[in-house]
Structure formats: structure tokens, C-alpha cells
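The values are calculated or read from the model by the stated rules, or taken from the named source; none is laboratory data. These numbers were taken from a predicted model, which means no experiment stands behind them. With ideal geometry, Cβ positions are generated from the backbone for all residues, glycine too; neighbour counts draw on all protein chains shown.
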Amino acid sequence: MPEIEFCLDTKSGELSLRVRGVLGPACDDVARLAKELLGEPAHDQATADMYAQVSVKPRVQGRLGPCGR
């Protein structure tokens, strides 16, 4: 399940942000949105989820006969 974890250090005011469960380029999109809402984190580092390849398997459910009948 995708989640965004953030912590705000009350002494320094530094923000830390972690996106989990979102693979590939969508991870960067989620992080960008969170940064717009919460502000820039003290450190920015991509995780393995960011570089994960999202695979989509095509599925054929039925076939049409000649002339689409």
C-alpha cells in the first residue's frame, strides 16, 4: 500500500520525507506533490522504488472472427 511518511524536527525545523510503495516515475510525481504541499525536505534521495521497472502484462480476453463477427 502506498504511503508518504514525513517528520518535522521541532528543534531545527527540518523536514524529512519518504515515499513508499510507489514504483517508477510515479514515485517522483508523488514526491513532487508532497514537496509542493509540505515544503522542501532537508535531504532528497531517490530510493530503489524510484528506479523499479513497472511491468504491465497485456491480457487478451477474446478474439473476433473474420470481419469482426
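Annotations for the structure displayed:
- Condition check for residue 68: over 16 Å from the mean Cα position of the chain (by Cα) and modelled with pLDDT of 75 or more: no
- Taking the criterion of being among the small types (Gly, Ala, Ser) and in a helix (DSSP H, G or I), the residues of the stretch 32-60 that qualify are 34, 48.
- Residue satisfying all of: in the stretch 17-27; out of contact with any strand residue (DSSP E or B) (no Cβ under 9 Å at 6 or more places or on another chain) and assigned to a helix (DSSP H, G or I); surrounded by the most Cβ atoms within 10 Å (Cβ to Cβ) among these: 26
- The listed residue being closer than 15 Å to residue 6 by Cβ, hydrophobic (A, V, I, L, M, F, W, C) and modelled with pLDDT of 75 or more, out of 26, 48, 42, 52: 42
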